[in-house]
Amino acid sequence: MFRIGVCDDEAYFRQVLEKQLMTYLKFYEQKAEVCLFENGSDFLKAAGDQAFNLVFLDIEMEAEETGIKVAESLQKESPDTLVIFVTSHSEYVPRSFRVNAFQYLTKPVKTELITEEIERAMRYIKTQRSRYEINWNGKQYFILIKKIRYVETDKGHNVVVHTIEENYKTKRSLNDVEDDLKPYGFLRIHRSVLINMNFICGKRDKEICIQKKPEEIWLSVSRDRQKTVDAAYISWRRKSSI
């Protein structure tokens, strides 16, 4: 799930931007949490507890910390968070890009421009910084999605995420994980197994191979899913070859 922050000392703008964000997310059926902050200190505290994917940050807040300073602090603690600056004055543009701002918007921000930038940010996050968040035993992990081979439910009913390097457990349901990873080319082949189609390297009657070396890994395809799996894989290969 995406986590989006809005940090602005103007209540009106926070509400307007929240409404625009929720409209976009609902229309595109995109799961995301939108959090509002009236000052940089509260935002940085929340970001320290759990990272944000994207933040709309006002440059000219009246509190001690300006948006630029907040962005500088954020960059040290959470460098993967995209920052979109919003302000009423264009003279701040040069300074905003010194902290690697993703974009700079001038108030009042038009709805279509907000939609365009959210779309661009979401696309960037998915394609360039695609990580999956997992919480286990009080620890938070951000795993590169492209390194996930498959996900399965173990005998203890925990969901295990198998990557090319190591494995991670989570208390989340496999259905929830499937919803999150489906847009990245993941396919449910069994009630307890979800695979990354990018790793498919072989297929036979009722099994799919997702690793050849150092040892082969073949996973079973349930009987009721065979036709669906075949069709989904063919469709995925076509899209990948475009």
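Please treat every number below as a calculation from the coordinates, not as lab data. Worth saying up front: this structure is predicted, and the values here are computed from it rather than measured. All Cβ positions, even for glycine, are placed from backbone atoms using ideal geometry, and neighbour counts span all protein chains on display.
Of note:
- Across the range 9-16, rounded Karplus estimates of 3J(HN,Hα) from the backbone phi angles (6.51 cos²θ - 1.76 cosθ + 1.60, θ = phi - 60°) give 7, 9, 4, 4, 5, 4, 5, 5 Hz, Gly and Pro being marked x.
- Less than 5 angstrom separates the built amide H of residue 60 from those of 67, all sequence-distant by 5 or more or on a different chain.
- Förster radius 35 Å - calculated FRET efficiency between residue 72 and residue 23 (Cβ-Cβ, nearest 0.05): 0.65
- Remark: relative contact order (the range 119-242) = 15 percent; criterion is Cα-Cα distance under 8 angstrom and separation of 6 or more residues.
- Sum of -39500 (n - 2.57) over DSSP H runs of 4+, divided by residues of the chain (222 nm, nearest 500): -11000 deg cm²/dmol
- Cα-based reach from residue 139 at 27 Å (exclusive), listing lysines while leaving out same-chain residues under 8 positions away: 31, 45, 76, 126, 147, 155, 169, 171, 182
- Computed over the chain, the Cα gyration tensor eigenvalues convert (square root of 5λ each) into semi-axes of 40, 19, 15 Å, ordered from largest to smallest.
- Here, the range 1-85 is characterised by an Rg to Rh ratio of 0.95, where Rg is the alpha-carbon radius of gyration and Rh the Kirkwood radius.
- The range 110-242, Rg to Rh (Cα coordinates; Rh as Kirkwood inverse mean 1/r): 1.01
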